[in-house]
Amino acid sequence: MSERERENDNKRDSFIRATSDRSIRVGDFFIRKDIENGCGGETELVSADQAIDEKFPLLSQHILGNRDRSFSDMSDRSIVTFQALPGMKIRSHGVRPDCTLYDCTSKEALVGAKKGKQHYWIDIDADERDTAELKEWLSGLKLPRFFLSVIAERSETWASQVVALKKACITIVRYLPKNEVTDEVTHLAALSLPNLLLTFTSVPRSETGELYSAIHAYMHTDERLPSSTASGVMLAWMRFHMDRTSRSVRLLRSRVLKMDEVMDRDIAAVSIVAIIEAKEQLLRLLAVAEEQNECVEALSGAEADTDGLDFSGLKGSLSVLQATAAATERTALRLEKHIADLRQRYEGHQHDRTNRRLAVLTVISAIFLPLTLFSGIWGMNFDYMPELTAKDGYFMALLLMVTIACSMLFWFWKTGWFD
């Protein structure tokens, strides 16, 4: 046996790995067992590209464990074109050199990202589904264990965070649902690799609305991506959601300013219900804005610790994103004080109205007090009461009561009780 043949045999022995019940990896080829045809003793040698199917994981199990490997170094056995579960939507996009997106298949995205010549974005919209079913499906993709442990759980348990691993970066960020009045807490997860961005959500569409059409139109607009890289897609993807938050905060601010203007003219024209609704909406927006701002700050500092992010040519875009997130949070905080001021003004107006009503009741009580005194005196059962036998006693008593009542009303008016 020649030295080259011995070297090939050694490589073959070292690279043989079981990948499924139907195939094993040998060097750069797969040996596919023809079990279904009853020919277990025969094998077929096929190329790696031909062997890509649903049987192989998206990421190799050791991509994050081996510090010397990158995504482009992965073997072809670590690539899969996966099938969606019922109700799940998987959309794949490629990035052209002119920073525009085009639709492609999952297989094209995974193979292209592995070759490292182009960058891709895969979006997985899982909708709401059983946790066990989702975890079983995700486990077949061989995602990083931490990423899998988070996104396999129900979305309401997610929390905004950025985890920088050696070969990938995991980002979970809160976003504003299309149905902004819902109390549903919604998060998106992103796995950033050198040539691939994988985004994932399992928020029920019935609660949050369908946002993908808006994202699709936004991301496919010319000059929308800051660069033709997966990191550029990541920034544009986050910019879309942060712009929605910023726009909603600005709209709420316009609404609050309008309420303030109306209250200046007629404070009673604004109801407490409108103020409370504005406050509730603001609290939802503020929670989203705060988490987005913290996430962007963490993302900017994570680049040095991972190969999954590359902002070397995106410093300007990243700075704009940071400024947008910070400005949105500051605006929301100022708006919170403004709404609190409106509520204080409304409650003060209500207190004034109550006090005025109490003042009227006080005046009426004060007027009738002496009249009640006279009625009590003349109602006593004494034998000798000359007023009762006087010829004009009744009319004189009425005149006295009216005089006292008018005098007291004039005094209350003169002293400002009716102002």
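The values are calculated or read from the model by the stated rules, or taken from the named source; none is laboratory data. All figures in this text were calculated on a predicted structure; none of them were measured in a lab. When we count neighbours, we look across all protein chains shown, and the Cβ atoms used for this are built from the backbone with ideal geometry, even at glycine. Please note that ligands, DNA and RNA were not included when accessible areas were found on the heavy atoms of the full protein model with its side chains. Shrake-Rupley method; radii C 1.70, N 1.55, O 1.52, S 1.80 Å.
Figures for the structure shown
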quantity: So Ser139, is it open to solvent by 20 Å² or more (accessible area, probe 1.4 Å) and among the hydroxyl-bearing types (Ser, Thr, Tyr); calculated: yes
quantity: Entirely in segment 83-169, the strands (runs of 3 or more DSSP E) that have 2 or more residues that are touching a Leu at 6+ places or on another chain (Cβ under 9 Å); calculated: 89-95, 119-125, 161-164
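Here is a yes/no grid of residues against (1) over 26 Å from Trp411 (Cβ atoms); (2) of a type in the set (D, E, K, R); (3) at pLDDT below 85:
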position	(1), (2), (3)
Leu309	yes, no, no
Leu342	yes, no, no
Ala366	no, no, no
Leu371	no, no, yes
Ser375	no, no, yes
Trp378	no, no, yes
Lys391	yes, yes, yes
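So that you can scan it fast, the table gives a plain yes or no per residue for (1) under 44 Å from the mean Cα position of the chain (by Cα); (2) surrounded by 10 or more Cβ atoms within 10 Å (Cβ to Cβ); (3) part of a helix (DSSP H, G or I):
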position	(1), (2), (3)
Ile339	yes, yes, yes
Leu342	yes, yes, yes
Tyr346	yes, yes, yes
Asp352	yes, yes, yes
Val360	no, yes, yes
Ala366	no, yes, yes
Pro370	no, yes, yes
Gly376	no, no, yes
Asp383	no, no, no
